[in-house]
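Only the coordinates and a few stated rules stand behind these numbers; no lab work does. What you are looking at is a predicted structure, and each value in this text was computed from that prediction instead of being measured. Counting neighbours? That spans all protein chains shown, and the Cβs are built from the backbone with ideal geometry, glycine included.
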Amino acid sequence: MHRAVPPVISVTPSRALVDETFRVAVQNLPPGSPVTLHSLHRSEDEDLWEAFGHYVSDSRGTVSVADDFSFGGTYTGKEAMGLLWSMSPVPGSREGLRLRKKNVCIPQLVNISVYGGHVEEGFGERLPLASTLTERWHLGPGVRRIEISERGVRGTLFIPPGPGPFPGMLDMWGGGGGLLEYRSALLASHGYASLALEYFTAGELKSADKEFSYFETAFNIVREHPQVIPDRVGLFGLSLGSLMASYLAAESSVIEPRCCVCVSGGHLYPRGVFCYFCRHKLRVDEHNREIWRSINLPIPEDLSQKLDVGKINCPMLLVNGIDDQNWPTVECAEDMAHMMRAAGKEHLLTRIEYPDAGHLIEPPYSPHSRATKFIKDGVTVILLWGGQTKPHADAQEDSWRNILAFLQKHLYCTQNPKAKM
Amino acid sequence: MDRKRCCVKLSVHPSRGLMDEKFTVLVQNVLPGFQLTVYAFYKCEGGYSWEAFAHYTASATGAVNVSEDPSRGGTYSGVEPMGLMWSLRPVPGSKSGLRMRKMNVQTPMEVTISVYQGHLTEGFVDQVPLAAVVVERWYMAPGVRRIPITEGGLTATLFLPSGPGPFPGLLDLWGGGGKLVEYRAALLASHGIAAMALDYLTPQITKETGKMVDYEYFEAAYRVLEQHPQILGSRIAMLGLSFGTSVTLRMAVYSQVIKLRCAVCISGSHVQPIDGSVAQIMTSFNDNADKTRFNEEQHVIWRDLLMPIPTDASLKVDVGRLRCPLLLVVGEDDQNWPSYESAMDMKEMMQRAGNEHLLTVLSYPNAGHLIEPPFTPSARASAFKTISNTPQTVMVLWGGEPVAHSVAQEDSWRKTLVFLRVNLYGGSQPGAAASSHL
C-alpha cells in the first residue's frame, strides 16, 4: 500500500519556560491547502483545554504560525502564541475552570497538531495529519525548591542556580488562599529568590495585627536567607496580595521593601479588617456571575477606609485591567496617585492600565478566564473577573515584560536601563 | 563577599534544548571593559569532569554575548557560539583517552555555565563565580518514544517521533566499537525520522553464539521497520559510520531484501571482500594488521590497512550498481580509515557506471574520523576496545583539528538532515531529489 508522506510539524523550542515564545511550523503540506493548527492540554485536574487556528499553506507547502495569518478559530491574525493564550476548556467541560499549575517540578505538556481542512469541532474524533509535544516549564534548570515552615510561616522558597546572593521577593496571591508556586518558580528562573506564601482565605484573617506580623515574618525569612541580598527584597502581589503589598510598604515599621509590584490591587479596607463584603452592593450578571467591583465604589474620601499610601517610600508598579469586574482597581490606582502626589511621592509610582483586560493578570500565554469558580464562605460561586481574551492576553504579555524590567531596574542594579532583557 | 555589589546577570537561551540546537549565552550588568571568563562544566555518565572556558571583555553597554563577541583565549578563541560545548575537555589530572558519549538518552546532559571575574585558565573549582546557570541538552525531543527491540534476535532500540505517523524509517549503525549506541537515532527521531539504533557487533545473539551476525540480521532489522504500522515501508534509509559504512554499502548494493530510499555513509570505505560474510570483512582488515602505524605518542593509525584502494572489483562494493542517492561524509585528516581516498574512488566508479548523479560527497579539511552530531567534544585520539576473542584497549588516533572538526560536525549534520528530509519526505520517486539543495 502506498501511503502518503505526512507533513512535519515542529515547535521551536520544544522545551521552554512558560513566558518564552515558540515558533510552530508545518512543512511538507500540499501548496495552498487549508489546515487547522490545534493545541491540546490535559490539566492536572484532568480537564482538557484546546485552541485552534485556521491556516492555508503557502506555495512551498509550509505554514508558520509566527508569520502567517489565522483566518479563524479561537484566535485570528498573526499570533505566534495564539495556540496557548486562546485556550479554553473543550466543549462539555465543567463550568468556571481556571488553569493553574500546581506541581511546578514537571512541565505543562501541550500537544500541537495539524488537521486537514478548517475544522471547528470534534478534534478528538479525528486523526491529525501530524502532531508533536511541547513542554512548558515554570521552573528553569538548576532552580532549587525549598519548602518553608518556620516561625509560623508556610510557603515555598525558590532559589535561582548559582552562588548568589540574589535579590529576593515575597510573592502573594489573592483571596482564594492556598499555596500556588508557579509565579515564584518563574521569578526564580529569572534570578529572584522568591517565596510563594501560603495564603489564608479572606475569612480566616481575624485581626489586622496578626495578618501584619505574618507577612513581616515571611518577608524577613526571605531577607535573612544566606543567599539573599538583605536590602534588595521586593514585594509582588495580585489582588488581595497586592493590597497586602501596599499595606506593608505603607505601614510596616519592621520591613523595608526595595520595590513593589501590585497587580489588580487597591488600597481600600474598611475599618482595618480585610473584609470586602458589603452585600447590598453585590451585583450579578445575566449568568449569575458575581460582580464585586462596585462593592467599594465610590472610592471613599474617609482616610480611615483606605491605606495611607502617601507613607510609601519605595517604587511601586501598579498593573491593572480596565475591564476588571472584581475590583475597582483603576479607580483605586487613580486615588492612590492622587494621595501619593499630595505627599510628594508621585515619582515613586508607575501605573500601567490595559483596556479590555480583566482582574487575573497572570504570566504570559496562560489562558484567559473571564469568570471562574471561587469559594466564598465555604460556598462555591462564579466570579466575573472581566477582560476579553485577546486584549487580556496582550496585557499579560506586555505587563510581564514591564514587570521584569521594573524588577531588573530596582533589584538588580543595571548600568543601562535600556539593556536588552 | 560584597553583598551590595551589582548583581551580574547570566542567561543561556534556550535553557533546555536539543543537543543539535545552538544556545545564546549572555552576560549583563558588568562594567564596560570588564574582563571575565565564561566557564562550562559537565560531569559525564562515567563520572569524569569536563570543562571549557573562554576569555571575554565586556562591551560599552556592560555585556558579553558569546554568540557575537570574540573569545580572546581559553579552550576556544574567536566568535564561537557553541565553543563552550565542543571545546569541552577532561579537567587537568583526568584519565587519558576519554571520549564523551551519552549512553542514557532519556535524561539530559546538564551543563553548568558560569562567569568568573578576570581571565582565568585554571583553579576554577577554588573560586566562587559571579553567577552560574544550568543548561539541559536533550537527545530526545518531547513526545519521542523509545522502544527496545528484541524480536527476531535483534539487539536494537527504535525511536519513534511524536505523532500518529507514518514516518520514514532509518537503520542507524555505529562502528567497530560495538555496543548499542542510541543518541544519534534519538536525535533523528526528534527530527521526524523513525530511527533504529542497531547493535550488530556485540548483540545478545553474538554473545550467546560467539558468531558474528550476517545479512539476515540486517534484513531482519529492515523488516521490523518496513512492517511497522507507523513506518513507511517504501521510505527507509540507512546511516552508517566507520564500519557501519561497510555494512550499509554492502546491504544497499547486494541485499535482495533491503531496498533503501537513500544512504548516508560517514568516515567509511567501500573496500571489502564482497564475496563472503560480513564477518569476513573484519578478518580481511586484520589480515593487513602489519600496515598499522604509530604516531609519536604511540597512538594507533589504522588508515593504511585498506590502502592502496584496490583496482580489483572483487575487493570493493560495486557502487556503480547503486540505485539510491548516497551521501558520503569524510574528514580529510581521518587517521583511522582512508575515507577520503575511498570517496574519490567511489566517485570515479560511479562516474564510469553512469550513476554519479546519485552521489554527494561532503569532504572536510582537517576533520578526523569521528564525525558525530554537533556540539559535543571530539577526541583526536581515545581509548578503543577492540572487538575480538581477546579484546584489548588501545589508544587510537582518529585525527582532526578541534575547530575544523567541530565545523565539519555542525555542517555535515545540517546537510545530512536536509539530505534525509529531501529523500525521505520529498518526491514521489527515489533519486528524484536533486542534491543541489546541499
Task: Angle between chain A longest axis and helix A:240-251 axis [Cα atoms, degrees, rounded to 10] - done: 30 degrees
Open item on the list: Over chain A, with a Gaussian network built from C-alpha contacts below 10 Å, which listed residue (A:399, A:242, A:149) shows the highest mean-square fluctuation?
Closed with: A:149
- [ ] Can you quote the Å³ per residue value for the convex hull of the Cα atoms in chain B, rounded to an integer?
- [x] 150 Å³
Open item on the list: Going by Cα centres, the stretch B:120-136 and the stretch A:217-256 are how many Å apart?
Closed with: 31 Å
Task: Helical contribution to [θ] at 222 nm, DSSP H n ≥ 4, -39,500 (n - 2.57), averaged over chain B, rounded to 500 - done: -6000 deg cm²/dmol
Open item on the list: If N is the number of residues in the stretch B:80-180, what value comes out of its Cα radius of gyration divided by 2.2 N^0.38 Å?
Closed with: 1.51
Task: Debye intensity ratio I(q)/I(0), log10, the stretch B:173-311, q values 0.09, 0.13, 0.15 Å⁻¹ (C-alpha model) - done: -0.30, -0.61, -0.80
Open item on the list: Whole-Hz ³J(HN,Hα) for each residue in the stretch B:297-303, computed from phi via Karplus 6.51 cos²θ - 1.76 cosθ + 1.60 with θ = phi - 60°, x for glycine and proline: what do you get?
Closed with: 8, 6, 7, 7, 10, 10, 4
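Would you mind working out the magnitude of the charge dipole of the stretch B:302-377 relative to its Cα centre, with +1 at each Lys and Arg C-beta and -1 at each Asp and Glu C-beta, to the nearest 20 Debye?
Values: 6 positive and 11 negative charges, 68 e Å.
Using Cβ point charges on Lys, Arg, Asp and Glu, the stretch B:302-377 gives about 320 debye.
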- [ ] Filter the cross-link list A:102/B:102; B:22/B:385; B:22/B:415; B:102/B:211 down to pairs whose alpha-carbon distance in this structure exceeds 21 Å.
- [x] A:102/B:102; B:22/B:385; B:102/B:211
- [ ] Once you have all Cα-Cα distances for the stretch B:302-438, histogram them in 10 Å bins from zero and send the whole-percent values.
- [x] 12, 33, 35, 18, 2
- [ ] Would you mind computing Rg(Cα) / (2.2 N^0.38 Å) for the protein assembly as shown, counting N as its residues?
- [x] 1.09
TODO: Beta carbons within 10 angstrom, averaged per residue: use that to sort the peptides B:311-322, B:247-258, B:156-167, highest first.
DONE: B:156-167, B:247-258, B:311-322
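Stokes-Einstein diffusion coefficient for the stretch A:83-207 at 10 °C in a medium of 1.306 mPa s, Rh from the Kirkwood formula over Cα pairs: what value in µm²/s? Walk me through the numbers on the way to the answer.
On the way: Rh = 17.3 Å.
My calculation gives 92 µm²/s for D.
For the stretch B:203-271, go through all pairs of different Cα atoms, get the mean of 1/r, take its inverse, and jot down that Kirkwood value in Å.
On the way: mean 1/r = 0.0780 Å⁻¹.
Taking every pair of different Cα atoms in the stretch B:203-271, averaging 1/r and inverting gives 12.8 Å.
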Open item on the list: Rounded to whole Å, give me the distance from the Cα center of the stretch A:27-84 to that of the stretch A:112-143.
Closed with: 9 Å
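What's the whole-number percent of alpha carbon pairs in the stretch A:307-410 lying beyond 16 angstrom?
Numbers: 3302 of 5356 pairs.
Value for the stretch A:307-410: 62 percent of Cα pairs lie more than 16 Å apart.
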TODO: Just rank A:385, A:137, fewest to most, by other beta-carbon atoms within 10 angstrom.
DONE: A:137, A:385
- [ ] Identify all aspartates and glutamates with a Cα-Cα distance to residue B:207 below 18 Å; exclude those on the same chain that are fewer than 8 residues away in sequence.
- [x] B:151, B:199, B:216
Task: Range of Cα positions in the stretch A:301-340 per principal axis (Å), largest first - done: 28, 25, 14
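Would you mind giving the mean number of other chain beta-carbons within 10 Å of the Cβ of each residue in A:124-132, as a whole number? Each step should come with its number before you reach the end.
Working: counts 0, 0, 0, 1, 2, 2, 7, 6, 9.
Mean partner-chain Cβ count within 10 Å for A:124-132: 3.
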TODO: With both partners inside chain B, how many of the DSSP beta bridges are antiparallel, as a percent to the nearest 5?
DONE: 60 percent
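Per-residue mean of other chain beta-carbon atoms within 10 angstrom of the beta-carbon, peptide A:8-19?
Numbers: counts 8, 4, 4, 3, 4, 9, 13, 10, 5, 4, 0, 0.
Shielding by partners across A:8-19 averages 5.
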Open item on the list: Counting just the Cα atoms, what span does the stretch B:322-384 cover along each of its three principal axes? Round to the nearest Å and put the largest first.
Closed with: 41, 21, 21
- [ ] Determine the gain in length on full extension of the stretch residue B:292-residue B:94; use 0.36 nm per residue of separation and subtract their C-alpha separation, reporting nm with one decimal.
- [x] 68.5 nm
Open item on the list: List the aspartates and glutamates whose Cα sits under 12 Å from the Cα of residue A:78, skipping any in the same chain fewer than 8 residues away.
Closed with: A:67, A:68
Open item on the list: If the only charges are +1 at each Lys and Arg Cβ and -1 at each Asp and Glu Cβ, what is the size of the charge dipole of the protein assembly as shown around the Cα centre, to the nearest 20 debye?
Closed with: 320 debye
Open item on the list: Kirkwood Rh over alpha-carbon pairs of the stretch B:129-247, then Stokes-Einstein at 20 °C and 1.002 mPa s: what D in µm² s⁻¹, rounded to an integer?
Closed with: 144 µm²/s
TODO: Search the structure for amide H atoms under 5 Å from the amide H of residue B:179, placed 1.01 Å from N in the peptide plane, and list their residues when 5 or more places away or on another chain.
DONE: B:201, B:202
Task: Positive dipole terminus of the protein assembly as shown, leading residue within A:299, B:343, A:129 (C-beta point charges) - done: A:299
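Dividing the convex hull volume of the Cα atoms of the stretch A:234-373 by its residue count, what figure in Å³ per residue is obtained? Intermediate results must be reported in sequence, preceding the final value.
Details: hull volume 16.7 nm³, N = 140.
Spelled out: Cα convex hull of the stretch A:234-373, divided by residues, is 119 Å³.
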TODO: Just tell me how shielded B:28-34 is by partners: mean number of partner chain Cβ atoms within 10 Å of each residue's Cβ, no decimals.
DONE: 3
- [ ] Rounding to the nearest 20 debye, state how big the charge dipole of the stretch A:1-122 is about its Cα centre with +1 on each Lys and Arg Cβ and -1 on each Asp and Glu Cβ.
- [x] 300 debye
TODO: Provide, in order from the shortest bin, the percent of all Cα-Cα pairs of the stretch B:1-133 in each 5 Å bin, continuing until the bin that contains the maximum pair distance.
DONE: 2, 10, 20, 23, 20, 13, 7, 3, 1, 0
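In deg cm²/dmol, rounded to 500, what helix-only [θ] at 222 nm does chain A give when every DSSP H run of at least 4 residues adds -39500 (n - 2.57) and the total is split over its residues? It would help to have the intermediate numbers written out before the result.
Working: 6 runs with 77 residues, N = 421.
Counting only the DSSP helices, I get -6000 deg cm²/dmol.
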- [ ] Determine the alpha carbon to alpha carbon distance for each of B:9/B:95; A:390/B:9; B:43/B:179 and list only those over 24 Å.
- [x] B:9/B:95; A:390/B:9
- [ ] Please name which of A:13, B:394, A:83 has its Cα lying farthest along the dipole of the protein assembly as shown towards the positive end, using unit charges on Cβ (Lys, Arg +1; Asp, Glu -1) and the Cα centre as origin.
- [x] B:394
Task: Span from the the stretch B:21-56 Cα centroid across to the the stretch B:337-374 one, whole angstrom - done: 36 Å
Task: Reach of residue B:259 by Cα under 13 Å, taken over aspartates and glutamates that are not fewer than 8 positions away in the same chain - done: B:219, B:226
Open item on the list: If the elastic network links every pair of Cα atoms under 10 Å, which of B:308, B:168, B:338 fluctuates the most in the Gaussian network model of chain B?
Closed with: B:308
Open item on the list: Just to be sure I understand: if I project the alpha-carbon convex hull of chain A onto a plane and average over all orientations, what area do I get in nm²?
Closed with: 22.4 nm²
TODO: Answer with one residue from B:271, B:320, B:154: the one whose Cα lies farthest towards the positive end of the charge dipole of chain B, charges on Cβ with Lys, Arg +1 and Asp, Glu -1.
DONE: B:154
TODO: For a footprinting-style exposure proxy, rank B:405, B:191 by other Cβ within 10 Å, fewest first.
DONE: B:191, B:405
